[in-house]
Amino acid sequence: MGTRGSRQDMLRTAVREAVAEVEITDVHTHLYPPAFGDLLLWGIDELVNYHYLVAEVFRYTDLSYEEFWQMSKREQADLIWRHLFEQNSPIGEACRGILTTLHVLGMDVAARDLASFRPYFEQTTVDEYVDHVFEVERIKQVVMTNDPFDDRERECWLGDYKPDPRFRAALRIDPLLNGWPTAWQRLEEWGYGVGEELNAATVKEVRRFLTEWVERMDALYLAVSLPPTFAFPEDSPRGTLIRECVLPVCEELDRPFAMMVGVKKLVNPELRDAGDSVGKSDVGVVEHLCAEYPKNKFLVTMLARENQHELCVAARKFRNLLVFGCWWFLNNPSLVDEITRMRLELLGLSVVPQHSDARVLDQLIYKWTHSRQTIARVLCEKYADLMATGWVPERMEIRRDVENLFGGTFWKFLEKKL
Ligand code: RAT
Ligand code: ZN
């Protein structure tokens with residue numbers, strides 16, 4: 001008994017150490033390097049204004065949406081703090097995350113005093129702060145979400161930006177795929193010979209657009225978020241663009257196509273960024289794409305809890321499919337626990353259990369602190385099940401597995417030859 005008990009303790013220590021020490025590749029964020037100026041959000045008022053908390057504050061306040069949006073960022077933060085931290089205990093995941101972040105940064109949250117946190121951020125520079133956050137949370141690299149249709153962002157890429165190796169690019173093409181009736185006009189403005197009709201000449205030019213931007217950004221993958229109704233094949237501009245442009249370019253440049261499926265955009269437009277919702281999608285569409293395009297790689301995350309099991313089964317069938325992350329409304333400890341457990345049982349270590357989706361730099365701290373805790377707990381249990389058979393996982397094996405889960409599997413997928 002005693003031996004078994006101490007073995008279990010050693011196992012727990014080995015797993016916790018490996019998970020605490022691993023250097024993370026965060027495969028999907030909304031962060032930018034400091035050279036992108038205001039596009040990189042950071043600091044306490046941005047943290048408190050996270051759109052997850054904006055949605056939550058309206059569950060308590062009677063303020064009109066209009067009045068809220070007219071307030072300054074600091075006033076909004078004060079309001080959110082009052083409702084979600086002072087008048088109620090901050091037990092929701094996004095609230096708890098702020099406390100974790102401040103705690104890890106060494107601040108005293110017990111006084112519940114929002115104003116007391118501001119000087120810390122005012123006294124640091126963005127460059128120092130990026131270094132600090134990457135160091136405390138052991139982040140090696142984050143993958144950004146890079147949208148050439150965003151004027152501010154496009155300017156950065158077309159300027160004299162020297163890549164910061166910690167921030168890797170992903171070419172995000174929602175406006176192209178989900179908004180072709182206006183997107184083609186922008187392409188035309190930028191000198192591509194396109195028209196609204198997706199004829200051979202336009203297809204060729206869209207391919208040129210994608211290729212040029214992948215190369216300019218050195219994008220690791222192309223990405224899009226998609227509604228629950230997403231179908232493929234589909235008689236629509238999006239269906240044609242995926243078939244004729246995106247998949248051929250992805251194959252030619254050997255870049256995965258990342259599909260983030262299940263978002264219902266702006267069910268409440270008054271909430272702006274916070275107004276999106278979730279719906280169940282058809283995993284058959286993912287299977288169809290993987291089967292029809294065996295030379296293409298697909299990174300897929302789905303937003304509905306109800307889709308997770310089917311998606312795991314799909315990944316068992318197709319090696320060109322890599323499932324990643326517990327996205328957005330799924331990034332809560334109870335769901336990360338459940339989904340990670342299921343994925344490890346169905347897919348072993350051939351999965352990317354989590355990404356942060358951080359929109360504010362500081363969120364890297366809490367999102368990864370919390371995900372590390374949950375993933376370590378699940379792993380301990382899984383290794384303990386092996387130990388019950390006499391298979392004792394070695395420390396080096398645990399480190400290897402953990403390194404794969406927190407980045408290695410993603411990089412190997414990118415390098416994989418199909
Ligand atoms: O989680 C989020 O912050 C969402 O608003 C989205 O950005 C989502 O993650 C996406 O990439 O579309
Ligand atoms: Zn995102």
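Summed over region 100-148, the residues that are within 21 Å of the chain's Cα centre (by Cα), under 19 Å from S371 (Cβ atoms) and open to solvent by 20 Å² or more (accessible area, probe 1.4 Å) give a count of 6. When the test is whether a residue is under 26 Å from W327 (Cβ atoms) and either part of a helix (DSSP H, G or I) or within 16 Å of ligand 1 (Cβ to nearest atom) (or both), A20 passes it. Pairs meeting the criteria (first residue in region 234-260 and within 16 Å of ligand 1 (Cβ to nearest atom), second residue open to solvent by less than 30 Å² (accessible area, probe 1.4 Å) and among the basic types (K, R), beta carbons under 7 Å, at least 6 apart or on different chains) are P256/K297. Inspection of region 276-291 identifies at least one residue that is under 30 Å from L63 (Cβ atoms), open to solvent by less than 80 Å² (accessible area, probe 1.4 Å) and outside any strand (DSSP E or B).
Residue-by-condition table, conditions (1) open to solvent by less than 60 Å² (accessible area, probe 1.4 Å); (2) within 21 Å of the chain's Cα centre (by Cα):
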| position | (1), (2) |
| --- | --- |
| P175 | yes, yes |
| G191 | yes, no |
| E196 | no, no |
| E205 | yes, no |
| L210 | yes, no |
| D218 | no, yes |
| Y221 | yes, yes |
| T240 | yes, no |
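Could you please let me know if L41 is open to solvent by 20 Å² or more (accessible area, probe 1.4 Å) and of a type in the set (A, V, I, L, M, F, W, C)? Taking the combined requirement at face value, the residue satisfies it.
In this structure, is V378 assigned to a helix (DSSP H, G or I) and either within 16 Å of ligand 2 (Cβ to nearest atom) or not aromatic (F, W, Y) (or both)? Can you show your working first?
Values: assigned to a helix (DSSP H, G or I): yes; either within 16 Å of ligand 2 (Cβ to nearest atom) or not aromatic (F, W, Y) (or both): yes.
Spelling it out, V378 is indeed assigned to a helix (DSSP H, G or I) and either within 16 Å of ligand 2 (Cβ to nearest atom) or not aromatic (F, W, Y) (or both).
Could you please let me know if V130 is of a type in the set (A, V, I, L, M), out of contact with any Asp or Glu (no Cβ under 7 Å at 6 or more places or on another chain) and under 30 Å from G408 (Cα atoms)? Yes.
Is it fair to say A315 is open to solvent by less than 10 Å² (accessible area, probe 1.4 Å), of a type in the set (A, V, I, L, M, F, W, C) and farther than 28 Å from L39 by Cβ? In short, no.
Would you confirm, using the coordinates I've provided, whether T13 is hydroxyl-bearing (S, T, Y), at pLDDT below 95 and in a helix (DSSP H, G or I)? So that I can check it myself, show each step before the final result.
Values: hydroxyl-bearing (S, T, Y): yes; at pLDDT below 95: no; in a helix (DSSP H, G or I): yes.
So T13 does not fit the description; no.
Between L53, L47, the distinction of being touching a Cys at 6+ places or on another chain (Cβ under 9 Å) and either open to solvent by less than 20 Å² (accessible area, probe 1.4 Å) or of a type in the set (S, T, N, Q) (or both) belongs to L53 only. Checked against the criterion of being in contact (Cβ under 8 Å) with a residue 24 or more places away in the chain, of a type in the set (G, A, S) and away from ligand 2 (no atom under 16 Å from the Cβ), the candidates S350, S334 yield just one match: S350. Among residues of region 263-277 that are under 18 Å from S64 (Cβ atoms) and of a type in the set (A, V, I, L, M, F, W, C), none has a Cβ under 6 angstrom from a residue that is within 16 Å of ligand 2 (Cβ to nearest atom) and open to solvent by 40 Å² or more (accessible area, probe 1.4 Å) at a sequence gap of 6+ or on a separate chain.
The values are calculated or read from the model by the stated rules, or taken from the named source; none is laboratory data. Worth saying up front: this structure is predicted, and the values here are computed from it rather than measured. Quick reminder, even Gly has a Cβ in these numbers, built from the backbone with ideal geometry, and neighbours come from all protein chains shown. SASA here: full protein model, heavy atoms, side chains in, ligands and nucleic acids out. Shrake-Rupley method; radii C 1.70, N 1.55, O 1.52, S 1.80 Å.
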